[in-house]
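The values are calculated or read from the model by the stated rules, or taken from the named source; none is laboratory data. This structure is a prediction, so every number in the text was calculated from the model and none was measured. We place every Cβ from the backbone using ideal geometry, glycine too, and count neighbours over all the protein chains shown.
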Amino acid sequence: MDFAYDAKTEELRTTLLRFMDEFVYPAEPVAEQQLHDAEDPWARPPVLEELKAEARRQGLWNLFLPDPEHGGGLTNLQYAPLAEITGRSPHLAPEALNCAAPDTGNMEVLAMFGTEQQKKQWLAPLLDGEIRSAFCMTEPDVASSDATNIATRIERDGDEYVVNGRKWWSSGAMNPNCAIFIVMGKTNPDAERHQQQAMILVPRDTPGVHVKRGMHVFGYTDASHGGHAEIVFDNVRVPADNLIAGEGEGFAIAQARLGPGRIHHCMRLIGIAERALELMCRRAIGRVAFGRPIARQGVVQEWIAESRVRIEQARLLVLKTAWLMDTVGNKGAHTEIQAIKIGTPIMAEWVLDKAIQAHGAGGVSQDFPLAELWAAARTLRLADGPDEVHRMSLAKRELKRYL
């Protein structure tokens, strides 16, 4: 693979870096104050709409979607360095570019599997940033790391499907602009294990949908991901046309959705780690302890050097994975997707931990972004499949060559 960015990527990087400097970073304290003053803890700051308008004006919109009919038309390799840049301000930049989870995955599902009517009704307003969406897969009563455990029922009744079940960690559902849920459940529990599930579109205002509460992440609302909700679906009726693809297709759709989602998270984690390293270096130079800047302490220098090594290693593996997804497809890049999903959150968590340590008490306070960024990185060791499941699957693939 060629390690140089092509001309299109370089042009977009230049534009995006300038956008971050001129608009996003100055908006961070504004957004923080607006959220502090808001009555709804899951509200999005008004300044975000200004950022979205400016991003659209500069052509920094829907970059994540490789389909040129709907999105930026970029390859995964072209998008990777751009997503990394947005990761430096993960609570504002991805959404400002309409490249924030869970909408990215939901838009990919609709673009790949949706009917023309589903695209017109839901994909178009999502692409325009007019509404937000939620993804309802995880359940509190089963180990959802095994997706075939999911117990929510989606049963056909004439021209409708009836949805019954309880979800939690439904990403995006607490966002005030969330209008549509993609819900995964079982249509046929007696079918082959991976053909029991389906996905269906459920408008938020459908009778029987009860959003019970928002879930906190290490005490944070995680509102930049739309907030995560516990939801009860009680005899929820939707038209049969709301089913995505078909009965028994849910597991395959989930796999198609989670592959790009996993690499997008890892791309942004590189940016998070880079910002943490930058903050650590600035803090180390500016803080004096025992008569000299802590940057001259050997242990701090070791943290800085090791952080650079770990970031570079992770970035190269993420770029290789993106390149493989472009050249041989998601299935051909399965090993690398699992490897980055295991390694990148751990890397970012480690760098953030050392940055927090260098900041002392300030590192765990609201005066710096490090504590909230650490919570996000730690959470990604569970989201989109826990480390242990990816390690088990990756080990099986390695062992298969010798059996």
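Couple of notes before you dig in:
- From GLN301, GLN366, residue being farther than 25 Å from LEU17 by Cβ, polar (S, T, N, Q) and part of a helix (DSSP H, G or I): GLN301
- Considering the stretch 132-155, and only residues there that are part of a strand (DSSP E or B) and in contact with a helix residue (DSSP H, G or I) (Cβ under 7 Å, 6 or more places away or on another chain), the residue that is nearest to GLY385 (Cα to Cα) turns out to be PHE135.
- Each residue in the stretch 285-332 was checked for being hydrophobic (A, V, I, L, M, F, W, C), out of contact with any strand residue (DSSP E or B) (no Cβ under 7 Å at 6 or more places or on another chain) and free of Cβ contacts under 8 Å to residues at least 24 places away in the same chain, and 10 of them qualify.
- Among the candidates ASP222, ASP234, the residue that is of a type in the set (Asp, Glu) and within 30 Å of LYS320 (Cβ to Cβ) is uniquely ASP222.
- Candidates ALA223, ALA289, ALA305: the one that is surrounded by 14 or more Cβ atoms within 10 Å (Cβ to Cβ), among the aliphatic types (A, V, I, L, M) and either under 22 Å from LEU373 (Cα atoms) or not assigned by TED's automatic domain parsing to the domain that holds ASP159 (or both) is ALA223.
Every residue, every condition in (1) in contact (Cβ under 8 Å) with a residue 60 or more places away in the chain; (2) on the phi > 0 side of the Ramachandran plot; (3) touching an Asp or Glu at 6+ places or on another chain (Cβ under 6 Å), yes or no:
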| site | (1), (2), (3) |
| --- | --- |
| ALA147 | yes, no, no |
| ARG153 | no, no, no |
| ARG156 | yes, no, no |
| SER170 | yes, no, no |
| GLN196 | no, no, no |
| LYS212 | no, no, yes |
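- Sole residue being in contact with a Leu (Cβ under 8 Å, 6 or more places away or on another chain) and closer than 23 Å to THR344 by Cβ, chosen from LEU60, LEU51, LEU97: LEU97
- Of all residue pairs spaced 6 or more apart or on separate chains, those with beta-carbon atoms under 7 Å, a first member in the stretch 14-31 that is part of a helix (DSSP H, G or I) and a second member that is among the hydroxyl-bearing types (Ser, Thr, Tyr) are MET20/SER89; VAL24/SER89; TYR25/SER89; GLU28/SER89.
- Taking the stretch 188-208 as the range and being more than 18 Å from SER144 (Cβ to Cβ) and in a loop (DSSP other than H, G, I, E, B) as the test, the residues that pass are ASN188, ASP190, ALA191, GLU192, ARG204, ASP205, THR206, PRO207, GLY208.
- Those residues of the stretch 347-381 which are surrounded by fewer than 16 Cβ atoms within 10 Å (Cβ to Cβ) and of a type in the set (A, V, I, L, M, F, W, C), in sequence order: ALA361, VAL364
- If you go through the stretch 93-131 and keep only what is in a helix (DSSP H, G or I) and touching a strand residue (DSSP E or B) at 6+ places or on another chain (Cβ under 7 Å), you end up with ASP103, GLY105, ASN106, VAL109, PHE113, GLN118, TRP122, LEU126.
- Hits in the stretch 218-272 (condition: assigned to a strand (DSSP E or B) and closer than 14 Å to PRO102 by Cβ): HIS228, ALA229, ILE231
- If the condition is being buried (at least 20 other Cβ atoms within 10 Å of the Cβ) and assigned to a helix (DSSP H, G or I), then the stretch 324-335 contributes LEU324, MET325.
- Unique match (being under 19 Å from the mean Cα position of the chain (by Cα), within 11 Å of ALA96 (Cβ to Cβ) and in a loop (DSSP other than H, G, I, E, B)) among LEU48, LEU60: LEU60
- Flag if ARG282 is in contact (Cβ under 8 Å) with a residue 40 or more places away in the chain, of a type in the set (Lys, Arg) and part of a helix (DSSP H, G or I): no
- Among the criteria (1) assigned to a strand (DSSP E or B); (2) in contact with a helix residue (DSSP H, G or I) (Cβ under 9 Å, 6 or more places away or on another chain), the one GLY165 does not fulfil is (2).
- Positions within the stretch 339-378 being among the polar types (S, T, N, Q) and either touching an Asp or Glu at 6+ places or on another chain (Cβ under 7 Å) or modelled with pLDDT of 95 or more (or both), in sequence order: THR344, GLN357, SER365
- Flag if TRP42 is in contact with a strand residue (DSSP E or B) (Cβ under 7 Å, 6 or more places away or on another chain) and either surrounded by 22 or more Cβ atoms within 10 Å (Cβ to Cβ) or of a type outside the set (A, V, I, L, M) (or both): yes
- Those residues of the stretch 147-168 which are closer than 14 Å to HIS210 by Cα and surrounded by 21 or more Cβ atoms within 10 Å (Cβ to Cβ), in sequence order: VAL163, GLY165, LYS167
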